[in-house]
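Inspection log for the structure reproduced underneath, given as structure tokens.
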Amino acid sequence: MSFPPVKEQLDRIIRNTVEVISEEELEQKLTRSFETRTPLKIKLGADPSRPDLHLGHSVVLQKLRDFQDLGHEAILIIGDFTAMIGDPSGKSTTRPQLTAEEAKENGRTYFDQASKILDRKKTTIRYNADWLGQMTFNDVIRLSSHYTVARMLERDDFEKRYRSREPISIHEFLYPLAQGMDSVHLRNDIELGGTDQKFNLLVGRDLQREYGIHPQVCITMPLLVGTFGQDKMSKSLGNAICFNDTPEDIYGRVLSIPDDLIETYFTLLLPTPERSPESFREMVNESPREAKRTLAKEIVALFHSGDLAVKAEDHFDRVFVHKKAPLEIKEFAFSASSIPLVDLLVALKAVNSKTEARRLISQNAIQINDTKISDINFEVTLDQESKTIKAGKRKFFNVVLKKDL
């Protein structure tokens with residue numbers, strides 16, 4: 001098997017990284033791989049704490065794809081076992097634990113989603129319950145003996161919680177050890193992660209050394225800031241753009257990001273090693289609006305297709321620029337000829353609750369055939385002629401009276 005020259009590989013691998021521990025060891029591993037024509041094993045773990053991957057995950061996935069393109073072996077770990085512990089990284093309180101069933105259900109779609117970035121045929125998928133679930137209590141004691149409480153408390157989030165007298169559960173200390181055992185079991189050469197994973201990656205490096213394995217190189221990537229422009233992207237914070245979002249939603253959400261994030265999103269999210277950061281900067285300086293539209297189209301194309309990206313842009317212009325209804329609106333038929341608007345909004349899943357429905361109505365955020373409705377007691381009369389319901393800025397529904405059979 002042939003690989004690009006080591007210098008060429010290094011340039012691509014180091015691009016966009018925050019830290020490589022260490023670059024010297026990385027170069028040594030790449031040189032040995034090049035000379036022996038043996039691909040390196042590159043590990044990336046993802047705990048299925050939620051069922052959807054978002055653009056924040058794509059930053060490290062893009063780096064894993066870089067390694068694939070260079071000829072190395074990509075190993076994606078679905079942390080169905082570690083998800084039952086709960087990663088304490090960046091948390092000020094104990095993370096809720098998932099059941100085995102919840103972890104497996106969430107992890108079921110991870111590979112399909114990740115394959116929107118990774119080369120499916122060149123990706124090895126592993127579930128860490130396969131080896132962690134087989135460990136005996138004696139194995140866990142032996143594993144725990146390799147790390148001290150003092151070392152654990154060097155971790156920033158543990159130290160803060162300890163000093164503020166916030167409880168730290170013993171099982172949280174086991175999380176980095178369990179993740180480290182993944183590296184021992186796989187004997188991988190390199191592990192990728194966000195900057196919040198640095199401690200866990202270093203534990204894996206230490207444990208490999210303790211178990212007589214050549215230690216992995218740790219590569220950390222930036223944490224993507226969410227659409228509000230402040231905290232890191234997280235579905236729980238409502239600032240995430242998910243892989244499985246519709247093309248229209250992805251396009252619209254990308255356009256909502258602050259202008260100062262445009263260059264960062266271009267650099268971290270798009271697989272364009274031939275582009276220079278300067279080219280992104282010039283595009284943003286010349287016209288932030290057009291740069292953001294280009295960014296939105298390219299991200300939609302990455303997760304869906306170029307054709308759907310064009311349609312998403314047309315949809316946005318029609319609905320938000322020209323204030324018209326979308327060309328395609330899903331139709332719902334109801335058997336009742338009269339339905340309270342609050343109940344109708346809940347039935348359409350335009351809102352999560354009657355309280356939210358009443359709030360939107362009172363804020364004049366509900367329209368029926370372009371007429372704003374402000375009466376929370378309004379009754380919608382249905383017949384064979386379709387009525388268009390607009391909820392907020394983005395949700396449209398056509399409703400009709402169900403025909404008698």
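What follows is calculated from the coordinates using simple rules that are stated; it is not laboratory data. These numbers come from a predicted model, not from an experiment. As a convention, Cβ positions derive from the backbone with ideal geometry for all residues, glycine included, and neighbour counts pool all protein chains shown.
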Full-stretch length increase - Asn377, Asp52 - with 0.36 nm per residue and alpha-carbon distance subtracted: 113.3 nm
Whole-number percent relative contact order across region 331-401, with pairs defined as alpha carbons under 8 Å at least 6 apart: 39 percent
Selected from Gln113, Ile219, Ile78, residue furthest toward positive end of dipole (region 6-221; charges at beta carbon): Gln113
Peptide ranges 300-308, 244-252 listed from the most packed, as the mean C-beta count within 10 angstrom indicates: 244-252, 300-308
In Å, descending, principal axis extents of the Cα set of the chain: 75, 49, 46
Size of charge dipole - region 6-221 - debye, nearest 20, with Cβ of Lys, Arg +1 and Asp, Glu -1, no other charges: 120 debye
Debye, to nearest 20: dipole size of the chain, +1 on Lys, Arg Cβ, -1 on Asp, Glu Cβ: 600 debye
Residue exposure sequence - Arg209, Arg37 - by fewest surrounding Cβ within 10 Å: Arg37, Arg209
The chain: most fluctuating residue of Leu153, Leu295, Leu40 per GNM, C-alpha cutoff 10 Å: Leu153
Selection from Thr38, Ala357, Thr264 lying farthest towards where the dipole of the chain points positive, charges on Cβ: Ala357
Candidate aspartates and glutamates - alpha carbon under 17 Å from Lys311, same-chain residues fewer than 8 apart omitted: Asp245, Glu248, Asp249, Glu290, Glu298, Glu328
Protection-proxy order for peptides 389-395, 136-142, each taking the mean of Cβ atoms within 10 Å per residue, highest first: 389-395, 136-142
Top positive-direction residue, dipole computed over region 6-221 with Cβ charges, set Gln208, Pro48, Tyr175: Pro48
Approximate spin-label separation Lys387-Ile141, in nm, with each point projected 7 Å along Cα-to-Cβ: 7.1 nm
Anchor Lys7: lysines whose Cα lies under 20 Å away (excluding residues fewer than 8 positions away in-chain): Lys29, Lys41, Lys63
Most mobile of Tyr110, Tyr265, Tyr211 in a GNM of the chain (Cα contacts under 10 Å): Tyr211
Spin-label proximity, Thr36 to region 179-220 - amide N less than 15 Å from point 7 Å beyond Cα toward beta carbon: 187-190, 213-217
The chain, relative contact order [Cα under 8 Å, separation at least 6], %: 14 percent
Dipole in debye (nearest 20) - region 209-303, about Cα centre, beta carbon charges: Lys, Arg +1; Asp, Glu -1: 200 debye
Listed residues Val310, Val254, Val351, most fluctuating in the chain (Gaussian network, C-alpha, under 10 Å): Val351
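Compute the relative contact order of region 245-321 as a whole-number percentage, counting only Cα pairs closer than 8 Å that sit 6 or more residues apart in sequence. Before the final figure, lay out each step's value.
Numbers: 66 pairs, mean separation 32.6, N = 77.
Relative CO of region 245-321 lands at 42 percent.
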Proportion of all alpha-carbon pairs of region 6-221 beyond 33 Å (%): 13 percent
All lysines inside 25 Å of Lys372 as judged from Cα atoms, apart from same-chain residues fewer than 8 positions distant: Lys323, Lys324, Lys330, Lys349, Lys354, Lys387, Lys390, Lys393, Lys395, Lys402
